[in-house]
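Where a number appears in this text, it was derived from the coordinates with a stated rule and is not lab data. Please read these numbers as outputs of a predicted model, since none were measured by experiment. Cβ placement follows ideal geometry from the backbone for every residue including glycine, while neighbour counts extend to all protein chains displayed.
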Amino acid sequence: MSFDSLGLNADILRAVAEQGYNQPTPIQQQAIPVVLAGRDLMASAQTGTGKTAGFTLPLLQLLSSSTAQHSKGRRPIRALILTPTRELAAQVGENVQAYSKYLDLRSLVVFGGVSINPQMMKLRGGVDVLVATPGRLLDLEHQNALDLSQVEILVLDEADRMLDMGFIHDIRRVLARLPAKRQNLLFSATFSDEIKDLAVKLLHNPEQVSVARRNTASEQITQHVHFVDKKRKRELLSFLIGRDNWQQVLVFTRTKHGANHLAEQLNKDGITAAAIHGNKSQGARTRALSDFKQNNIRVLVATDIAARGIDISELPHVVNYELPNVPEDYVHRIGRTGRAAATGEALSLVCVDEHKLLRDIERVLKREIPRIAIAGYEPDPSIKAEPIQNGRQQRGGGNGGSRGRGAPQGQRGNGERSQPAAGERRQAEGQRRQGAPGAARGTRPEGRSAAGEPRNKTRQRRANPA
């Protein structure tokens, strides 16, 4: 099947061809005709399957076919795409811009962590397609900088991650500002019970498509586990990068502090590295990601939420320096490689404290991940596991990213979704209502998400690995 057979117009096909795509992926084959028919859609697709084009291409076609009536005066927002993180919003925005290159449509991306004033100025000029994170969208609406009353198409991208991050109340507030008559598209990696509940309230007689079983990893990704002592993980990682001459490696840690510490240690080893997480300013995050994509640095160390939306063609290696607390996050992590038709390798460095987390992941995958061993890096059998509670060890240990005693009060093991103290919650909420000017400097209180958006303050981490 070719893109020509999906009913897309010549201008869109030309833009797609210039991006180097010739054949639609399975999710695109199924989703595009449904969206073009004006139906609501509930789609499940793991990362790297081309789902963004699956909703972007038909959305642009629907809008372009009725652009003439909106060409005079200020253009209303006719399509709204909500994403959970800044990086994903920026990635989707790039795709919208690329695919609409030959169309008379305007698009804009808005998210927290940067000044709100330039975004307000651009909105005044009129925008057809708005890509946004929920918190910044509500900030702009609160300041009367945008009008959502003429939205024709709503897209919730990575809806499962938005619920995980506690955005359900923000989503409900956004929905209350949209017209009742509209087309709704919901994309999610999994169809959890929460997603199904949301779909019932959001979608009207939807078509349901799925291109992957729930919580499965791409067969194009080669997965391995290496058991190693916690204090020797960094040494082993540096050894592998040097021995095998890895030039582009995405490494995951559980905490922001751990990401910073590891990046510093790798640089001391002579391996260029940068960290990306929610406490970094948006400028620093953008520079680090750009340097990584352009091969100016070899290693990008990331926390789970900050890595959401990282889309790097033919990324060869993903390393789980620390296993995630939630098994499904493992699938999202390694899905950064093996995208589309490419192959990739995912390696997990597992210490004795993480054996239970590994068993949980393998239970989700419904298979054992193959083990490998490198001479000289075998774990010391005399070292006993330290119980993990709320995502962190009870006692200090090995690398800075896993310590319990040295972590800030209230910071949980993943470092991105901790529950803030009451004063911090009030401060975070106050900043959100005022446009959060301090967020641009990366000084967001704990309890703000990596996207710079406020979390559901009552929502707890959905898994306790204790």
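What's the ranking of 75-82, 20-27 by average number of surrounding C-beta atoms within 10 Å, highest first?
Sorting 75-82, 20-27 by mean packing, highest first, produces 75-82, 20-27.
Give the calculated FRET efficiency between Ile383 and His204 to the nearest 0.05, with a Förster radius of 41 Å applied to their Cβ-Cβ distance.
Numbers: r = 56 Å, r/R0 = 1.38.
Step by step, r from the Cβ atoms, then E = 0.15.
Classify the stretch 243-286 from the C-alpha gyration tensor, please: rounded if a/c falls under 1.5, else prolate or oblate depending on whether a/b exceeds b/c.
prolate
Which net charge results when you count Lys and Arg as +1 and Asp and Glu as -1 among the other residues whose beta-carbon is under 11 Å from that of Val34? Could the numbers behind the result be given before it?
Details: positive: Arg39; negative: Asp40, Glu207.
Within the 11 Å Cβ shell, the charges total -1.
Could you please report the charge total around Pro327, scoring K, R as +1 and D, E as -1 over all other residues with beta-carbon less than 10 angstrom from its beta-carbon?
Details: positive: Arg359, Arg363; negative: Glu328, Asp329, Asp360, Glu362.
Counting the neighbours of Pro327, the net charge comes to -2.
Between Glu264 and His355, with labels modelled 7 Å along Cα→Cβ, what's the label distance in nm to one decimal, could you check?
Those two pseudo-labels are separated by 3.2 nm.
What is the distance in Å between the Cα centroid of the stretch 233-287 and that of the stretch 172-192?
Taking the Cα centre of the stretch 172-192 as reference, the centre of the stretch 233-287 is 36 Å away.
Let me know the Rg and Dmax you get for the stretch 34-160 when you use only its Cα atoms, in Å.
14.0, 40
Need one word for the stretch 76-219: rounded, prolate or oblate. Basis is the Cα gyration tensor (sqrt eigenvalues a ≥ b ≥ c); a/c below 1.5 gives rounded, then a/b vs b/c decides. The partial results should precede the final answer.
Numbers: a/c = 1.60, a/b = 1.47, b/c = 1.09.
Prolate is the answer for the stretch 76-219, as a/c is 1.5 or above and a/b outweighs b/c.
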